[in-house]
Every structure is written in C-alpha cells, then in structure tokens.
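These notes are about the structure you will find just below.
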Amino acid sequence: MLTLAFWGSPTLAGGTLGTEELRPLLQQQPGVHEALTSSMNLAETAYAEVRLGSHFAHLGGARVGPYAIKATVRQSRKDIEVVLCTKARFLGRDGAELPTPGAENATRIDERLVTVILREPSTSAAGPGCP
C-alpha cells in the first residue's frame, strides 16, 4: 500500500462518485454485499477519501478508497455510514505492479475490498478509521 507521504496534498482532496461504481468492489465479498444491500438503503453517491492528482499521467482525477457511503438501516430507519476500506495496487501497461516511486506512471488500478466498517455518521470527522 502506498504511504500518505507519497500522496502529496493534491491527491488527498477526495471526491464523490456514484455508489453504483462501487458495486464491483462490494461484489468481491458476496456475503458482505448481500448483507448491506438487503438490510440498508445506500445513498446514490459515495465519497472517496483520495483523488489522484495530475502527476498521475494516466489516472489523474481517479478516485481510490477508502469510500464512505451514507445509508439508512431499513428496519430501524437509523442513519449509518458504511466505510469501504481498500488496498490499491497501481499497475503498468504490462499489468505488473509498480513500486511506490513510479506509481504515477500506472495505467490502471487494482483495488481490493479489505474491511467494511459500519459507524454512526457523527464519527466521520475522525477520518475513515480503516486499519
């Protein structure tokens, strides 16, 4: 995983994306996907903690997790926040993982869902809380 020191401030701007764009990520863990979508109404938009800066020649503007999605628990109608913690690998044209210095030349991202956190929305100011 890349360290935050590598990411420089322009990449920590974050940004929104459609929750539907995160479906392939959620489907990496089918049981988790089923539990979330059957018991909660997920908002149509999500927030990515990291947006890649323009120094990423091919991926500038791309979003990378962790992702936060507002949701409502169907049974209780309580608001909750779902945080998707991910591990990203930056890949070159040949599909090989690029080392941290050099990741700015990546042509695609391989992102894996590692952990899902459910929390009260009021705790989101403390950051994503991913391990």
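Which ones in region 110-126 are within 13 Å of the chain's Cα centre (by Cα) and open to solvent by less than 90 Å² (accessible area, probe 1.4 Å)?
Result: ASP110, GLU111, LEU113, VAL114, THR115, VAL116, ILE117.
Mind listing whichever residues of region 110-126 are without any contact (Cβ under 8 Å) to a residue 40 or more places away in the chain and of a type in the set (Gly, Ala, Ser)?
Of everything in region 110-126, those that are without any contact (Cβ under 8 Å) to a residue 40 or more places away in the chain and of a type in the set (Gly, Ala, Ser) turn out to be SER122, ALA125, ALA126.
Being under 16 Å from ARG112 (Cβ atoms), more than 12 Å from the chain's Cα centre (by Cα) and without any contact (Cβ under 8 Å) to a residue 60 or more places away in the chain is the filter here; which residues of region 17-34 pass it?
Listed by number, the residues that qualify are GLN27, PRO30, GLY31, HIS33.
Is it the case that GLY61 is surrounded by fewer than 17 Cβ atoms within 10 Å (Cβ to Cβ) and either in contact with a strand residue (DSSP E or B) (Cβ under 8 Å, 6 or more places away or on another chain) or closer than 20 Å to GLU21 by Cβ (or both)?
Yes.
Which numbered condition trips up ARG51, out of (1) open to solvent by less than 70 Å² (accessible area, probe 1.4 Å); (2) within 21 Å of GLY127 (Cβ to Cβ)?
(1)
For region 77-97, indicate whether the set of residues that are more than 16 Å from the chain's Cα centre (by Cα) and among the polar types (S, T, N, Q) is non-empty.
No, region 77-97 has no match at all.
When residues of region 85-109 are filtered for being open to solvent by less than 30 Å² (accessible area, probe 1.4 Å), within 19 Å of GLU49 (Cβ to Cβ) and either in contact with a Ser or Thr (Cβ under 8 Å, 6 or more places away or on another chain) or without any contact (Cβ under 8 Å) to a residue 60 or more places away in the chain (or both), how many remain?
Looking only at that region, the number is 2.
The values are calculated or read from the model by the stated rules, or taken from the named source; none is laboratory data. None of the values given here were measured: they were computed from a predicted structure. Positions of Cβ are generated from backbone atoms using ideal geometry, with glycine treated the same way; all protein chains shown enter the neighbour counts. The accessibility values were calculated without ligands, DNA or RNA, using every heavy atom of the protein model including side chains. Shrake-Rupley method; radii C 1.70, N 1.55, O 1.52, S 1.80 Å.
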